[in-house]
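Single-structure report; data block below.
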Amino acid sequence: MSAHKDAVAEIANQVPAVVSPYEGVTLRIPDHIKFSAYWFATNFLWGALLVIMLPGEMRHMVPNDRVAAIGLLGGLSALVALVVPLLIGELSDRCASKFGRRRPFMILGVGINVVGLALMCLAYMTSTPLGPSGTSGFWPTIAFLMRSPSFLWFLAAYMIVQLGNNISSASYSGVIPDLVPQDQRGVASGYMALMSQLGTLFGVLGCGKLLSGQPEVIKYIAVGSALVGLALITILGIKETPLPQKPPKIDWKLYFQSLWIDPKLYPDFAWVWITRALVMLGFYSVLPFVNYYFVDVIGIENPDGPAAMMTGLLLISSCLSGIYGGILSDRIGRKRVVYIANVLIAIVALSFIFCRTIPQVLIAGSIFGLGYGAYISVDWALGTDVLPNKKSAGKEMGVWHIAMTLPQTIAAPFAGDLILRFGKTPYIAPDGIPSVHYTINGYAAVFGLCAICFALGAFFLKNVRSVR
């Protein structure tokens, strides 16, 4: 235990302390927009990809095994999101560039991200539909997909997108702990939640409604342009204080030893980590399969429009609760907001099992959004409140970030396997390509898992002592 404490202290003390240029300043709305514009950019990207583009592309590339393909994409790409922040967080903590610690890595990451998007587009445009695997099991289907060159190229390109995005996002994670005064972090977290939901909203509606029917290359150009343009608002708009001198080279053995944040020494951090992991496990069990839920449960053959409408209403309601949730949490406490939000989400998640029409789904999605927006609004503030050492914010936010990425490596494959276990039936799609329908019971099992995870996330938060 003492060896770990010594490692944490030594790693932290190697980085000189710097004073935020915003210390003692009351941040205005334009300041908060500059801080959170990158969050809009990256969520625009993931809203478009996860809800509209990837499900549609898998329906074209692997129409008979689309659930397993989405599960594989989600699980493998999340491994990149698991490892990269741990390395980039510490490297950005120690960056002695005159442009600051975080922005150089944000620029690098956005550049790699754009290259990955271009390669994804090329891989999709040159692919042809893959025939059925001939198996109903999840892992045998995965083995079949991994023998397809076109699918492998697409997967590799998607991993590059994940690499670039996590380089920029991991370094960006240190911006609020570095720069925002502590008494304004709840408001800053609320703005980040707002921009996050707006980014996802515009990404989903842009690709699902405005660009519906357009060639896929147009969607990739729109996503790449939005990512670059909006990220530049943060990169060029914020001020950072450069480190006064370059820290010593990283002792990687000592560094990896310091990554273990002992729950006995930092119990509040551990419990916040666990509750966030549970919430993300529930959310990412459902998110990859929303598009297919409309096909298989609601009976919509072209699901992009309805999926965009449902996600749009969900995000609009989450925007309304998100900005006020952050402000309210500064007044009444973070935990109370989470208790109410998570219980509401758990109940609504179960209601999706009984929805059979688009209006029913839209109503349930709107209520789900109210709870999720309130949760996200305090999520970031909770994490920054319980960091063991603020001087190593980049590294420790990287450890905290694992609570989001590790569940993704588990959630999509596990949920995909769960759906497959309840069977599938073949049919001919309107475009003449043989496809399959998955059962209602499979989706019911996934929504039940989601509800349990959100409820447990609220229950275990009671163990956090240092935060109201």
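What pairs can you find where one residue is in segment 108-132 and surrounded by 19 or more Cβ atoms within 10 Å (Cβ to Cβ), the other is in a loop (DSSP other than H, G, I, E, B), and their Cβ atoms are less than 7 Å apart, with a gap of 6+ or different chains?
Filtered contacts from segment 108-132: LEU130/VAL62; LEU130/SER148.
Test GLY208 against the stated conditions and say whether it is assigned to a helix (DSSP H, G or I), surrounded by 24 or more Cβ atoms within 10 Å (Cβ to Cβ) and in contact with an Asp or Glu (Cβ under 7 Å, 6 or more places away or on another chain).
yes
With respect to the numbered conditions (1) surrounded by fewer than 18 Cβ atoms within 10 Å (Cβ to Cβ); (2) over 23 Å from the mean Cα position of the chain (by Cα), which one is the sole condition not fulfilled by SER435?
If we test SER435 against (1) surrounded by fewer than 18 Cβ atoms within 10 Å (Cβ to Cβ); (2) over 23 Å from the mean Cα position of the chain (by Cα), just (1) comes out false.
Across segment 433-468, what is the total count of residues that are among the charged types (D, E, K, R) and either in contact with a Lys or Arg (Cβ under 9 Å, 6 or more places away or on another chain) or under 17 Å from ALA364 (Cα atoms) (or both)?
Total satisfying the criteria: 2.
Would you confirm, using the coordinates I've provided, whether THR409 is of a type in the set (S, T, N, Q), modelled with pLDDT of 75 or more and surrounded by fewer than 24 Cβ atoms within 10 Å (Cβ to Cβ)?
yes
On the given criteria, is PHE44 in contact (Cβ under 8 Å) with a residue 12 or more places away in the chain, closer than 23 Å to MET195 by Cβ and not in a helix (DSSP H, G or I)?
Against the criterion (in contact (Cβ under 8 Å) with a residue 12 or more places away in the chain, closer than 23 Å to MET195 by Cβ and not in a helix (DSSP H, G or I)), PHE44 does not qualify.
Go through ARG336, ARG276, ARG331, ARG356 for me and flag whichever is outside any helix (DSSP H, G or I) and either in contact (Cβ under 8 Å) with a residue 60 or more places away in the chain or surrounded by fewer than 20 Cβ atoms within 10 Å (Cβ to Cβ) (or both).
Criteria check complete, one pass: ARG356.
How many residues does segment 154-178 contain that are under 16 Å from the mean Cα position of the chain (by Cα) and not in a helix (DSSP H, G or I)?
1
Return the only residue of GLY89, GLY56 being closer than 24 Å to MET310 by Cα, out of contact with any strand residue (DSSP E or B) (no Cβ under 9 Å at 6 or more places or on another chain) and assigned to a helix (DSSP H, G or I).
Selected residue: GLY56, the only one of GLY89, GLY56 that is closer than 24 Å to MET310 by Cα, out of contact with any strand residue (DSSP E or B) (no Cβ under 9 Å at 6 or more places or on another chain) and assigned to a helix (DSSP H, G or I).
Hey, among VAL343, VAL337, VAL386, which residue is at pLDDT 70 or above, closer than 30 Å to SER258 by Cβ and under 22 Å from the mean Cα position of the chain (by Cα)?
None of the other options fit; the residue is VAL386.
Within segment 173-181, is there a residue that is surrounded by 15 or more Cβ atoms within 10 Å (Cβ to Cβ), farther than 29 Å from LEU232 by Cβ, modelled with pLDDT under 90 and small (Gly, Ala, Ser)?
No.
How about segment 133-153: which of its residues are part of a loop (DSSP other than H, G, I, E, B) and out of contact with any helix residue (DSSP H, G or I) (no Cβ under 9 Å at 6 or more places or on another chain)?
Listed by number, the list holds a single entry, ARG147.
Run down PHE422, PHE459, PHE414 and say which single residue is under 18 Å from the mean Cα position of the chain (by Cα) and on the phi < 0 side of the Ramachandran plot.
Residue meeting the stated conditions: PHE414.
Scan segment 395-454 residue by residue and report those that are farther than 30 Å from GLN257 by Cα, in contact with a Phe, Trp or Tyr (Cβ under 9 Å, 6 or more places away or on another chain) and either charged (D, E, K, R) or not in a helix (DSSP H, G or I) (or both).
ASP417, ARG421, PHE422, GLY423, LYS424, THR425, PRO434, SER435, VAL436, HIS437, TYR438, THR439
What are the pairs with Cβ atoms under 8 angstrom where one residue, in segment 242-270, is touching a residue at least 24 places away in the same chain (Cβ under 8 Å) and more than 17 Å from VAL386 (Cβ to Cβ) and the other, located anywhere, is of a type in the set (Lys, Arg) and assigned to a loop (DSSP other than H, G, I, E, B)? Sequence gap at least six, or different chains.
Taking only residues 6 or more apart or on different chains, the pairs are PRO242/LYS98; PRO242/ARG101; LEU243/ARG94; LEU243/ARG101; LYS246/ARG94; PRO247/ARG94; ILE250/ARG94.
Among the numbered conditions (1) farther than 24 Å from SER173 by Cα; (2) among the small types (Gly, Ala, Ser); (3) buried (at least 24 other Cβ atoms within 10 Å of the Cβ), tell me where GLY56 comes up short.
GLY56 satisfies all of (1) farther than 24 Å from SER173 by Cα; (2) among the small types (Gly, Ala, Ser); (3) buried (at least 24 other Cβ atoms within 10 Å of the Cβ) except (3).
Take the residues in segment 1-58 that are among the polar types (S, T, N, Q) and more than 30 Å from SER150 (Cα to Cα), then tell me which one is modelled with the highest pLDDT.
Across segment 1-58, the extreme among qualifying residues is SER36.
Among (1) modelled with pLDDT of 75 or more; (2) over 28 Å from ASN166 (Cα atoms), where does ALA415 come up short?
Only one criterion in (1) modelled with pLDDT of 75 or more; (2) over 28 Å from ASN166 (Cα atoms) is unmet by ALA415, namely (2).
Determine, yes or no, whether ALA222 is assigned to a helix (DSSP H, G or I) and more than 19 Å from LEU117 (Cα to Cα).
No; evaluated as a whole, the condition is false for this residue.
Could you check, for segment 291-300, whether at least one of its residues is assigned to a loop (DSSP other than H, G, I, E, B), surrounded by fewer than 24 Cβ atoms within 10 Å (Cβ to Cβ), modelled with pLDDT under 80 and not hydrophobic (A, V, I, L, M, F, W, C)?
No - not one qualifying residue is present in segment 291-300.
For segment 228-273, give me each residue that is assigned to a helix (DSSP H, G or I) and of a type in the set (Phe, Trp, Tyr).
Answer for segment 228-273, where residues must be assigned to a helix (DSSP H, G or I) and of a type in the set (Phe, Trp, Tyr): TRP252, TYR255, PHE256, PHE269, TRP271, TRP273.
The values are calculated or read from the model by the stated rules, or taken from the named source; none is laboratory data. It should be emphasised that the depicted structure is a prediction, and the values quoted were computed from it without experimental measurement. Counting neighbours? That spans all protein chains shown, and the Cβs are built from the backbone with ideal geometry, glycine included.
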